[in-house]
Amino acid sequence: MTGYAAYKKAQSLPTMRIDLILLLYRKALENLGRARQALTRGQPALARPLLLNTQLIVTGLAAELPAYRDEGALNFLRLYEFVAHQMKLSTIESIDAAVRVLTPLLEGFEAVRDQAVALEMQGVLPPLDEARLVSVFA
């Protein structure tokens, strides 16, 4: 197989929803680690964009949740809101608090990755490329 053929084959594989979620959590935690280092060195200007990006990540995760459907989704929203608020505080303590929330969530999603992939392949979970329509009228 040529390099180009391998590239095209890899491009045709769908990105699983769970893999995107895991990627977002990992990036948020990476940002938090780097922001904490910057604050420890007394460089808040370097920490701010990392904290803002983390805030955007958890806000994006929250935007996908149907909070009106179940208590579980509502609890995730509460956790994401907490993390987003901690980013606003921009302290080492607030970063540590956010890490304490996001780390077990990441570990939980990692533990169910194979099940989530199987559910998406069976059509139980919608694929990422499925368009969603939102109506602003009742």
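The values are calculated or read from the model by the stated rules, or taken from the named source; none is laboratory data. Just so it is clear, the structure is predicted and the values come from calculations on it, not from any experiment. Note: areas computed on protein heavy atoms with side chains; ligands, DNA, RNA excluded. Shrake-Rupley method; radii C 1.70, N 1.55, O 1.52, S 1.80 Å.
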* Using the Cα gyration tensor of the stretch 46-122, with a ≥ b ≥ c the square roots of its eigenvalues, what is the shape: rounded (a/c below 1.5), prolate (a/b larger than b/c) or oblate (neither)? -> prolate
* Asked: With the other protein chains left in place, how much accessible area per residue, in square angstrom, belongs to the stretch 56-95 at a 1.4 angstrom probe?
  -> 61
* Using a 1.4 Å probe, how large is the accessible area of Glu30, given in Å² and rounded to the nearest 10? -> 90
* Pulled fully out, how much extra length does the chain show between Val99 and Asp70, if you take 0.36 nm times their separation in residues and subtract their Cα-Cα distance? -> 7.9 nm
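May I ask you to compute the full-extension gain from Glu81 to Lys27, defined as 0.36 nm times their residue separation minus their alpha-carbon distance, rounded to one decimal in nm? Mind dumping the intermediate values first?
On the way: separation 54, 0.36 × 54 = 19.44 nm, distance 1.75 nm.
Once the chain is fully extended between Glu81 and Lys27, it gains 17.7 nm.
On full extension of the chain, what length is gained from Leu89 through Thr40, given 0.36 nm per residue of separation minus the C-alpha to C-alpha distance?
Values: separation 49, 0.36 × 49 = 17.64 nm, distance 1.49 nm.
In short, 16.2 nm is gained.
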